[in-house]
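Quick note: the coordinates plus some simple rules give every number you see, no bench work behind them. The structure displayed is predicted, hence computed values, not measured ones. With ideal geometry, Cβ positions are generated from the backbone for all residues, glycine too; neighbour counts draw on all protein chains shown.
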Amino acid sequence: MDSVYQQRELAEIEQIIALPLLVKLSPLPNKRMIGDMSDTEKVLKGLGISR
């Protein structure tokens with residue numbers, strides 16, 4: 001996985017303005033999460049992913 005610093009053009013295209021940022025592109029709908037991602041269950045729930 002590359003970082004924003006390694007792919008600046010992609011960061012510009014995706015309009016990334018805050019870090020940390022997680023982008024889920026597939027399956028639709030796309031989702032973005034910004035900020036603290038230390039609570040795994042909360043992150044998964046926010047992305048619509050169940051274990």
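Model label sites at MET33 and GLU14, defined 7 Å from Cα along the beta-carbon direction, differ in position by 1.4 nm.
Temperature 10 °C, viscosity 1.306 mPa s: under these conditions the Stokes-Einstein estimate for the range 10-49, based on its Kirkwood radius over C-alpha pairs, is 146 µm² per second. Think of each Lys and Arg Cβ as +1 and each Asp and Glu Cβ as -1; about the Cα centre, that makes the dipole of the chain roughly 280 debye.
First select every other residue whose beta carbon is under 9 angstrom from the beta carbon of LEU22; then total the charges, Lys and Arg +1, Asp and Glu -1. Taking every Cβ under 9 Å from that of LEU22, the sum is +3.
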